[in-house]
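Okay, so here's the structure we're looking at.
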Amino acid sequence: MTMKRLLLSVLAVTLFLAAPAVAAELVVIETNYGAITVELNTEKAPLSVANFLAYADSNHYNDTIFHRVIKDFMIQGGNFSTEMAPKQTKAQIKNEASNGLRNLRGTIAMARTGVVDSASSQFFINLKDNGFLDHRDTTVRGYGYAVFGKVVKGMDVVDKIGTSATHTYRRFSDVPVEPVIIRSVKRVEQQ
C-alpha cells in the first residue's frame, strides 16, 4: 500500500468516526396499559413519519383509543374517542408501502381504506409477522400497508393490548370492552 493510500484510508476512517451519529426519531405512545417506545424510519418512510409526527405534535392522538384489536394480528388506533367519535383529520397521504419495510411483528404501519393513498391519522402495530400486508404490486389489492417504524420498548404492552376482550360497539367490530386509551404520543428528546 502506498503512503498516499494509507493516509487516505486513515483520513476516511477518522472522518467516519468523527461524524456525528444520526439519532433515530423516537416517540413514546403513553397508554393506560403502559408506555410503548417506537423508532420511526425517516429514511424509508419520510411522508408517513412526517404525517405521524404532525398528528403527534398537534396532540391529535391525546385521549384517542386503540379502537380495533384483533388477537394474533394487530392493534389499531389513532382517531376515535372512547365513544367512537372520530376526530377531524388532515389530508390523506401517499402510500409508501413500496419502501421495502415489511409488516413484521412489532412494526408500526399506516392504516388505510380500500383506496391505496387514503392513510391519514390511523396506524396499527403488528402482533405477528403479517406478510400478506406487504407491498407486492401496484394493484389496489397488492399495494400493501406502509410500515414506518418499529417498537423498540414496550412490546409487552402491545401484547397485553392484543389480548383485550372485544365486542361490537355500534357499527364497529373488534372494539376492546375496556377502552385502551392513548393518553399521548410524544417525541423523545435526544441527548
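The values are calculated or read from the model by the stated rules, or taken from the named source; none is laboratory data. Keep in mind that this is a model prediction, so the values were computed, not measured. Positions of Cβ are generated from backbone atoms using ideal geometry, with glycine treated the same way; all protein chains shown enter the neighbour counts. The protein model used for the area step is the full one, side chains on, heavy atoms only, and it has no ligands, DNA or RNA in it. Shrake-Rupley method; radii C 1.70, N 1.55, O 1.52, S 1.80 Å.
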* G106 vs. criteria buried (at least 16 other Cβ atoms within 10 Å of the Cβ) and in contact with a His (Cβ under 8 Å, 6 or more places away or on another chain) -> no
* **Conditions (1) touching a His at 6+ places or on another chain (Cβ under 6 Å); (2) under 27 Å from T139 (Cβ atoms); number of the one not met by F80** => (2)
* Residues in the stretch 32-46: is at least one part of a helix (DSSP H, G or I), surrounded by 22 or more Cβ atoms within 10 Å (Cβ to Cβ) and under 11 Å from the mean Cα position of the chain (by Cα)? -> no
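Looking only at the stretch 80-91, decide whether some residue is within 16 Å of the chain's Cα centre (by Cα) and modelled with pLDDT of 95 or more. It would help to see each step written out before you state the result.
Of all residues in the stretch 80-91, those within 16 Å of the chain's Cα centre (by Cα) come to none.
Checked the stretch 80-91: no residue is within 16 Å of the chain's Cα centre (by Cα) and modelled with pLDDT of 95 or more.
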* Filtered residue count, the stretch 36-53, keeping only those that are touching a residue at least 24 places away in the same chain (Cβ under 8 Å), of a type in the set (A, V, I, L, M) and over 16 Å from E189 (Cα atoms) -> 3
* Answer yes or no as to whether Y145 is among the aromatic types (F, W, Y) and in contact with a Leu (Cβ under 9 Å, 6 or more places away or on another chain). => yes
* Structure fact -> Pairing a residue in the stretch 83-99 that is outside any loop (DSSP other than H, G, I, E, B) with any residue that is open to solvent by 70 Å² or more (accessible area, probe 1.4 Å), where Cβ atoms lie under 7 Å and the two sit 6 or more apart in sequence or on different chains, gives I93/L47; N99/K44
* Structure fact -> Reported set for the stretch 120-144 where residues are within 11 Å of the chain's Cα centre (by Cα) and open to solvent by 20 Å² or more (accessible area, probe 1.4 Å) is Q122
* Identity of the residue in the stretch 147-168, within 22 Å of L26 (Cβ to Cβ) and part of a strand (DSSP E or B), that ends up most open to solvent (accessible area, probe 1.4 Å) -> K153
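If you check R105, R112, which single one turns out to be touching an Asp or Glu at 6+ places or on another chain (Cβ under 6 Å) and of a type in the set (D, E, K, R)? Spell out how you get there, then give the answer.
On the way: R112 fails: touching an Asp or Glu at 6+ places or on another chain (Cβ under 6 Å).
Going through R105, R112 in turn, the sole match is R105.
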* β-branched (V, I, T) and not in a loop (DSSP other than H, G, I, E, B) - does that describe any residue in the stretch 135-146? -> no
